[in-house]
1. Ignoring ligands, DNA and RNA, how do HIS44, HIS53, HIS267 rank by accessible area with a 1.4 Å probe, largest first?
2. Sort SER152, SER258 by accessible area with a 1.4 Å probe, largest first.
3. Share of segment 118-164's accessible area from carbon and sulfur, percent, 1.4 Å?
4. Give the span of segment 213-272's Cα atoms along each principal axis, as three whole-Å numbers ordered largest to smallest.
5. For segment 155-286, what value does the Rg/Rh ratio take when both radii are computed over Cα atoms and Rh is the Kirkwood radius, given to two decimals?
6. From the C-alpha coordinates alone, can you work out the Kirkwood hydrodynamic radius of segment 121-189, in Å?
7. Which value, in Å², gives the accessible area per residue of segment 168-276 when a 1.4 Å probe is used on the protein heavy atoms?
8. Given TYR248, MET314, ALA340, which one lies farthest toward the positive end of the charge dipole of segment 243-350, if we put +1 on the Cβ of every Lys and Arg and -1 on the Cβ of every Asp and Glu?
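The values are calculated or read from the model by the stated rules, or taken from the named source; none is laboratory data. A quick note: this is a predicted structure, and the numbers were derived from the prediction, not measured. Note: ideal-geometry Cβ built from the backbone for every residue, glycine included; neighbour counts use all protein chains shown. Calculation scope for accessible area: heavy atoms of the full protein, side chains included, ligands and nucleic acids excluded. Shrake-Rupley method; radii C 1.70, N 1.55, O 1.52, S 1.80 Å.
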Amino acid sequence: MKTVIAATTLLATATAAPRAIDRATYGNLITKEIQGDLSWKTVHPNQNIFAEHTLDQVTSYMGAILEQKPGPSLGLSKKDKLRKAAGFGDSSGLPTNYDSRQQHGSCVQSIRNQLHCGSCWAFAAAETLSDNLCIINSDEGNVKLSAQDLVSCDSTDHGCNGGTLPSAWQYLTTTGIVSDSCLPYTAGNGTVDTCVVDQCAEDSAGSYEKHKCPKSNMLGDTNAIKNGVMQVGSAETGFYVYQDFLQYKSGIYKHDPSTGNNPLGGHAVRIMGWGTDPVSKEDYWLVANSWGSAWGENGYFKISFDDKASAFAMGGGFNCGNLKPAPPAPAPAPGPTTCADLLPTSQCQQFKNTCANGIWGECKATCGCCAEFDKPAYCGNSNFQ
């Protein structure tokens, strides 16, 4: 009998579903963290909110259906990378650091929890619209809008089985969603209630009123997203989640390829700002997640512009509001009256190939402004010989 029990135990162990939190992965990450080779901190498996989840369960929570493939994340343009390397600001007039929680605190939604449902696409959309409308229409106050409305009633998307950001924002624009007090979240167990039109949930405290986005925006690049977040508080975007991301605690996340390169799936989140770490000089996005306030930095995380695998924001961002153009970049200091480098010539050498294409205006002599032929566009018609 003991032999049979032992054999049964071994068989059950061998066939047990893989856990979401792999201790070997944690050991690898914590070693790198101690050695200073990781830009973010990991949470101990015993304190991880996914400790009791299987990998399949967590994978099912990744509900953003993304068009972009895993790969580099959206960050600084080539031009702005060069400007930063030389100690200049980027090519826009946007600030280096921005946190919407500090600028629009009374309108920013608190962290919610999607629980056991792939409804991240709906949460990020509802929360973003809540932020946006509060800032646009300050007289109406901060109305917490219903993610459940999208999960149950947006027939273009698939409830707990996922949704796309463009179709979610189409629904917000054409149909709109009610308040969370009218239709509270009930899909946390993975079961989606049938959509009921023109009435709130039974025993709800809210009134039935659809809140629509008057003008939705698809924000296609880094500065467009920054500009949108700065004006109306937030923007929804998507990225790919890897198993190491589940172990994030704080710092600037960047996927560690040594932990595996197969993403669990797409995930939708809410961009709240951006910044540059004062010590490492790492540029990052500030992001609100929908896994509850016990995860990450009280429900938030930072992700590097230079992340090479998550494709963060590569599909653009979405928000609501009649946005003004981004402020212009400060005018550059007047250049020399004769052909010369504004930067040290030794520093200009590293940009020689790029500034000759018209990107870099501070290395005139090194980059060929003194040449009579094939001069970069910024050299104008002057002939320095």
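1. Values: HIS44 70, HIS53 30, HIS267 0 Å².
Largest accessible area first, the list is HIS44, HIS53, HIS267.
2. Details: SER152 25, SER258 70 Å².
Ranking SER152, SER258 by accessible area, largest first, yields SER258, SER152.
3. Values: 550 of 1390 Å².
Roughly 39 percent of what the probe reaches on segment 118-164 is carbon or sulfur.
4. Cα spread of segment 213-272 along its principal axes, largest to smallest: 43, 22, 18 Å.
5. Values: Rg = 18.2 Å, Rh = 17.8 Å.
Rounded to two decimals, Rg over Rh is 1.02.
6. On the way: mean 1/r = 0.0832 Å⁻¹.
In segment 121-189 this quantity evaluates to 12.0 Å.
7. 39 Å²
8. With unit charges placed on the Cβ atoms, the residue in question is MET314.
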